[in-house]
Amino acid sequence: MNLLVTGGTGFIGSHTVVELLNNGDEVIIIDNLSNSKREVVDKIKEITKREAIFYEGDVRNKELLQSIFQKHKIDVVIHFAGYKAVGESVAKPLMYYDNNLISTLCLCEVMNEYKVKKMVFSSSATVYGNPKSLPIKEDFPLSTTNPYGETKLMIEKILKDLAHADKEWSIAILRYFNPIGAHESGLIGESPNGIPNNLMPYIVKVAIHELDHLNVFGNDYDTIDGTGVRDYIHVVDLAKGHLCAAKKVFNSHGVDAYNLGTGNGYSVLQMVKKFEEVNHVKVKYEITQRRAGDIAACYADPSYAYQQLGWKAEKTLDDMCRDSYHFIQKNN
Ligand code: WQD
């Protein structure tokens, strides 16, 4: 397959490009480097010994997109490009709606123009809001509490309407749970700028003494130890899920959504303990107030993705903790 990957130098995008190249596929990346670095393209080549074609640019640039579709035969588009920080989206909603929605509309219009109607879309478990029960299935009610989540929900609706209007479209919507970890080489991984929003990047920075301690956002939830429970999934497992989804859309029609999670939930304190055990380090923490908008617990029922895509997560929590730490040690 020939694939266009938007946001292909990002955390999940870069790991997906590695799996596609290792699978023998041809890959074109478009990325505006707003949350990643150009050097990731070279790291991908170092890992796979194969080259992805790279265009630096914004998916809202219609002329650039048209020139890429004009120049390259594209079978499937994997659409990662978008802002993804919940807190930032609350402070800057217009930036999130403009970037995430306009880029998707522009991409779909150009795809339509060049009769490329197969897409894998990067969605998020955040579209489930505060689930009524657990584990979460794909037919659960959808609702969100922040502009970031709203953009994911709106884009899912746009894609469903598109596929219902034009039966030639073939779309897989992938709802990620909590991606962490890094490629075993330590060459690519998650390196957020500044103070991390998410748990694992924060733990890692405490472990290397870049930050003094972890603030545990509340220990009074109705969970095993009072701290938040999430379904952490290794980014390489997530990347392999995109390869399976690309094969699915290549050979089918219609639109469907799939949970990409492990089906296991772990609390914040369980994550801290596991990280310390696996990496033989100490992670200092303090219990603080709950973070606004957080839910108590969230984990997937991943059985539909196994049935439909032939995919399931294989890496362990030990792998996730070890690979996260290995990456920061190689790149700090
Ligand atoms: C995990 C747990 C926190 C940081 C978000 C987005 C979601 C997706 C993944 C984009 C929670 C606790 C965290 C810290 C803490 N992003 N925590 N101290 O909130 O489940 O999901 O990121 O797609 O859309 O909503 O992930 O890693 O921020 O939090 O105690 O410094 O760790 O309360 O229980 P979250 P997270």
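The values are calculated or read from the model by the stated rules, or taken from the named source; none is laboratory data. This structure is a prediction, so every number in the text was calculated from the model and none was measured. Neighbour counts are summed over all protein chains in view; Cβ atoms, including those assigned to glycine, are modelled from backbone coordinates with ideal geometry.
Is one or more of the residues making up the stretch 260-269 modelled with pLDDT of 95 or more, β-branched (Val, Ile, Thr) and within 16 Å of the ligand (Cβ to nearest atom)?
Yes, because at least one residue in the stretch 260-269 is modelled with pLDDT of 95 or more, β-branched (Val, Ile, Thr) and within 16 Å of the ligand (Cβ to nearest atom).
Take Val283 and decide whether it is within 24 Å of Glu184 (Cα to Cα), in a loop (DSSP other than H, G, I, E, B), more than 10 Å from the ligand (Cβ to nearest atom) and touching a residue at least 12 places away in the same chain (Cβ under 8 Å).
yes
State which residue is farthest from the chain's Cα centre (by Cα) when the search covers only the stretch 103-132 and only residues that are closer than 22 Å to Ser252 by Cβ and within 16 Å of the ligand (Cβ to nearest atom).
Only one residue tops the list, namely Thr104.
With the condition kept exactly as written, say whether any residue in the stretch 214-221 is within 15 Å of the ligand (Cβ to nearest atom), among the hydroxyl-bearing types (Ser, Thr, Tyr) and crowded, with 19+ Cβ neighbours inside 10 Å.
Yes: the stretch 214-221 contains one or more residues that are within 15 Å of the ligand (Cβ to nearest atom), among the hydroxyl-bearing types (Ser, Thr, Tyr) and crowded, with 19+ Cβ neighbours inside 10 Å.
Which of the residues belonging to the stretch 167-182 are assigned to a strand (DSSP E or B), more than 9 Å from the ligand (Cβ to nearest atom) and either more than 15 Å from the chain's Cα centre (by Cα) or under 17 Å from Val86 (Cα atoms) (or both)?
Once the filter is applied, which keeps residues that are assigned to a strand (DSSP E or B), more than 9 Å from the ligand (Cβ to nearest atom) and either more than 15 Å from the chain's Cα centre (by Cα) or under 17 Å from Val86 (Cα atoms) (or both), the stretch 167-182 yields Ser170, Ile171, Arg175.
Name the single residue that is farthest from Pro141 (Cα to Cα) among those in the stretch 289-307 being part of a strand (DSSP E or B) and more than 8 Å from the ligand (Cβ to nearest atom).
Among residues in the stretch 289-307 that are part of a strand (DSSP E or B) and more than 8 Å from the ligand (Cβ to nearest atom), the one farthest from Pro141 (Cα to Cα) is Ala297.
Within the set of pairs 6 or more residues apart or between chains, which connect a residue that is over 21 Å from Gly57 (Cβ atoms) inside the stretch 1-28 to a residue that is aromatic (Phe, Trp, Tyr) and surrounded by fewer than 24 Cβ atoms within 10 Å (Cβ to Cβ) with Cβ atoms less than 9 Å apart?
That search, which allows pairs on different chains as well, returns Met1/Phe250.
Take the conditions surrounded by 15 or more Cβ atoms within 10 Å (Cβ to Cβ), among the polar types (S, T, N, Q) and over 21 Å from the mean Cα position of the chain (by Cα) and apply them to Asn100. Does it pass?
no
Given (1) of a type in the set (S, T, N, Q); (2) in a loop (DSSP other than H, G, I, E, B); (3) over 26 Å from Trp311 (Cβ atoms), where does Ser185 come up short, assuming only one miss?
(3)
Can you tell me which residue is nearest to Arg322 (Cα to Cα) among those in the stretch 193-212 that are more than 11 Å from the ligand (Cβ to nearest atom) and not in a loop (DSSP other than H, G, I, E, B)?
Val204
So His164 ticks every box in (1) over 29 Å from Ile44 (Cβ atoms); (2) part of a helix (DSSP H, G or I); (3) within 13 Å of the ligand (Cβ to nearest atom) but one. Which box is left unticked?
(3)
Only one of these conditions is not met by Leu105: (1) farther than 18 Å from Lys118 by Cβ; (2) in contact with a helix residue (DSSP H, G or I) (Cβ under 9 Å, 6 or more places away or on another chain). Which number is it?
(1)
Checking Thr104 against (1) in contact with a Phe, Trp or Tyr (Cβ under 6 Å, 6 or more places away or on another chain); (2) modelled with pLDDT of 95 or more, which test does it fail?
(1) is the only condition that Thr104 fails.
Can you pull out every residue in the stretch 67-95 that is in a helix (DSSP H, G or I), surrounded by 15 or more Cβ atoms within 10 Å (Cβ to Cβ) and away from the ligand (no atom under 16 Å from the Cβ)?
Ile68, Phe69
Answer with yes or no whether Ile47 is β-branched (Val, Ile, Thr), closer than 30 Å to Glu184 by Cβ and touching a residue at least 24 places away in the same chain (Cβ under 8 Å).
Yes: the conditions hold for Ile47.
So which of Ile224, Ile171, Ile208, Ile158 ends up being at negative phi, surrounded by 23 or more Cβ atoms within 10 Å (Cβ to Cβ), in contact (Cβ under 8 Å) with a residue 40 or more places away in the chain and β-branched (Val, Ile, Thr)?
When all the criteria are applied, what remains is Ile171.
Can you find, within the stretch 51-66, the residue that is surrounded by the most Cβ atoms within 10 Å (Cβ to Cβ) among those that are of a type in the set (A, V, I, L, M, F, W, C) and not in a helix (DSSP H, G or I)?
Only one residue fits best here, namely Val59.
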